[in-house]
């Protein structure tokens, strides 16, 4: 559930947003637009907002490829990603974060590598950060075949 401050932000954006009737979706209002992408919201009958990110087609007459959200934060992240506002090479996806988490788990519990107290704390902090982004990361275990460094293709 959105916090009061976030609800005020959403309501202000919605109230000042332009209707998307020109794109044949009059129940939605545009919150943001960048580089051919739109973040829009619809106030539903139950008083809650539904959010969507769309691509505007080449002739600017229709929106398409909608990603729908109940959560404003998720919609903003999706908009930022789709519109190219975030450098995609600097973001880790769920699979990559899970792989990193598993590596940190092994590093933490391996016993073959001696960590200083500070390094151990850093490993724990990194794992906690990943857990906050991928809450179910502990449920995944990536199967890994361990190889010697000599076996890695260069």
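The values are calculated or read from the model by the stated rules, or taken from the named source; none is laboratory data. Everything numeric in this text was worked out from a predicted model, so none of it was measured. Reconstructed Cβ throughout: ideal geometry from the backbone, glycine too, with neighbour counts over all protein chains shown.
Here the condition is being over 21 Å from the mean Cα position of the chain (by Cα) and modelled with pLDDT under 95; of 35, 59, it holds for 59 alone. Determine, yes or no, whether residue 18 is over 30 Å from residue 138 (Cα atoms) and in contact with a strand residue (DSSP E or B) (Cβ under 8 Å, 6 or more places away or on another chain). Yes.
If you filter the range 67-93 down to residues that are over 22 Å from residue 50 (Cα atoms) and exposed (fewer than 13 other Cβ atoms within 10 Å of the Cβ), you find that the one that is modelled with the highest pLDDT is 84.
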